[in-house]
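Take a look at the structure below.
Here, each number is a calculation from the coordinates, and none is a lab measurement. Being a predicted model, the structure only gives us computed values, none of them experimental. Note that we place each Cβ from the backbone using ideal geometry, even for glycine, and neighbour counts take in every protein chain shown.
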Amino acid sequence: MANMLAFAESREGALRKVAFETVSAARSAADASGGGEVHALLVGAPGIAARADELGRYGADVVIVAEHAALDHYSPEVYAATTADRLRAGGYRAGLFAASAQGRDLSPRVAARLGVSLASDVIDFEIQADAVIARHPAYTGKVIVTLRLTGEPALVAIRPGAIAPVEQPRTVRVEAAAPAMDPASARVRVTAVTQGGNSRLDIGEASVIVSGGRGLRAAENFKLVEDLADAIGNAAVGATRAVTDDGWRPATDQIGQTGRLVSPDLYVAIGISGAIQHLAGMRTAKTIVAINKDKDAPIFKVADYGIVGDLFEIIPRLTEEIRRVRGGH
Amino acid sequence: MKIAVCIKRVPDMEMRFSIAADRKSLDQVGLKYEMGDFDGYALEVALQLVEKQGPGEVVVISLGPDGVQEMLRKGLAMGASRAVQLKADEVPFDGLAIAKALAVELKDGGYDLILFGRMATDTASGTVGPMTAELLGLPCVTAISHLDVSAGQGTARRDLEGAAETVSFPLPAVLTIDEGIARPRLASLKGIMAAKKKPLETKAAQLGEPRLTVDSIALPADRPPGRIIGEGADAVPELVRLLQTEAKVL
């Protein structure tokens, strides 16, 4: 029996998909330890408490809600102080985070405050009596490192998309808590959050990603990529570093070693040659489709299904075919 | 303005890696080392800040065996004024153990800014920067893709998933630098000559006790070899059929 604390990530008053992944992972870890409780920590502006039931659906027993009128945006110092306090007071075996932009910022701060170590960007983990064993892709994904983490609480940040959220409904108890620090005294302040690119699904949240590279030849040809993503549905649009460097797509869309690391169910690479730097960001996708005119392009070495040819002929046909089979349902 | 840049020596990621006999480390044969990608951006940001807002100095700091000295010299050749090696036989995986050693060195340095890359490309954890900030009690902003500094105050942009945050902070501060902010300069011949005379100090690293250690490392299971199912638009119906019936992702 061991209790787990899951940090439930939110933005602008809504829970992020990674919040459910983190709570699900905590549920599995608690159950594996003989049935401990899962406590989810939710921090935000007044009204965020209304999201507690959603966390219960993924297995939280208790949702600790720290609301404050000045927490419209993420506040690293307030969040870190509040999370560290709760971990210190709660006697938890482990504290779980998402290795998202927010979680990667928050979790090391919490670890240093508690004087404990952190395993970050973990794809799976197991809590044993005297250690947590966690697997972490390193060296641009070319090496999988199995880490041994000792000390309590053990802090683990989980790669987005690595652990699927599973519905395991519980009736949640909601506990109100005050933030451990007055937001007015924070030195680091988020003054604005601007939506990047378009309103399309984010690449970290999507189960399907359609990505384009230099082979598209011009920014406006990404319309083909977007149309295919729309036809598939629930799909995000990604890009290679060459494309974001040229300003065809926003930098936040970049998939690769220096961009986002993604593991969708389906990854469609269009006009992408498959440089190591790009493969590092998507090689863990479950199914990879590649469309490229060069039959020797390295992307075909990792693609489950490749088509060699002119993407300007193939992609419109693929979009049409998917619309046709979808329409038949 | 006085800026410290903490840089890490990492293997050239383009190489083919193999696992050493201990199953815990990479086979060192043929490995080439270089400055981490993000650390290069951090150093460039520091050099540009001092050039624009001088007078000041940029100090490059690296923890590791004597092999890091070559990379520190490269930092000096790019324009840093002096270098510090925190000597350790090997670099632990535990970010907190490293942060403790860096905090000892940085504590009384009088730095206005302490910069890191967003993460090291080998261990790919991104924990040392924010941990060091916490140990020093300094404000910290991570994964910055744009930075303005003036009059003891900074404004930065952080890219999130599908959005970006604008963040303000006071100096002194710890910042970690994302890709794309500034392309690292190549060292000039003059810079390389000058670097030979710049000070490079070596001290013993006062590492914390590592509690995150490597049990084993392995190469990831290879994906099944790629398969080309056809050529041109005529292959599309077969692709859709396979996605529906074999991969079951449509």
Single residue of the stretch B:150-171 satisfying the filter (over 21 Å from A:GLN195 (Cα atoms) and surrounded by 21 or more Cβ atoms within 10 Å (Cβ to Cβ)) that is nearest to the other protein chains (Cβ to nearest Cβ) = B:PHE169
What tally of residues in the stretch A:232-245 results from selecting those that are closer than 17 Å to B:HIS146 by Cα and either touching a helix residue (DSSP H, G or I) at 6+ places or on another chain (Cβ under 8 Å) or among the hydroxyl-bearing types (Ser, Thr, Tyr) (or both)?
-> 1
Single condition B:ASP94 does not satisfy, out of (1) free of Cβ contacts under 8 Å to residues at least 40 places away in the same chain; (2) within 14 Å of chain A (Cβ to nearest Cβ) = (1)
Filtering the stretch B:63-86 down to residues that are more than 15 Å from B:ARG185 (Cα to Cα) and part of a loop (DSSP other than H, G, I, E, B) yields B:PRO65, B:ASP66, B:GLY67, B:SER81
Can you pull out the strands (runs of 3 or more DSSP E) entirely within the stretch A:107-150 that have at least 1 residues that are among the small types (Gly, Ala, Ser)?
-> A:118-122, A:132-138
Being in contact (Cβ under 8 Å) with a residue 24 or more places away in the chain and more than 25 Å from B:ASP37 (Cα to Cα) is the filter; apply it to the stretch A:270-296 and report the residue that is surrounded by the fewest Cβ atoms within 10 Å (Cβ to Cβ).
-> A:LYS293
Condition set closer than 22 Å to A:GLU37 by Cβ and aliphatic (A, V, I, L, M), scope the stretch A:91-105, selection surrounded by the fewest Cβ atoms within 10 Å (Cβ to Cβ): answer is A:ALA94
Quick one: how many residues across the stretch B:197-246 are over 30 Å from B:THR132 (Cα atoms), in contact (Cβ under 8 Å) with a residue 24 or more places away in the chain and more than 7 Å from chain A (Cβ to nearest Cβ)?
-> 0
Condition set more than 21 Å from the chain's Cα centre (by Cα), closer than 30 Å to B:CYS140 by Cα and of a type in the set (A, V, I, L, M), scope the stretch A:181-236, selection surrounded by the fewest Cβ atoms within 10 Å (Cβ to Cβ): answer is A:ALA184
Collect the residues in the stretch A:151-180 that are closer than 30 Å to B:SER216 by Cβ, touching a residue at least 40 places away in the same chain (Cβ under 8 Å) and part of a loop (DSSP other than H, G, I, E, B), keeping them in residue-number order.
-> A:GLU152, A:PRO153, A:ARG159, A:PRO160, A:GLY161, A:ALA162, A:ILE163, A:ALA164, A:PRO165, A:VAL166
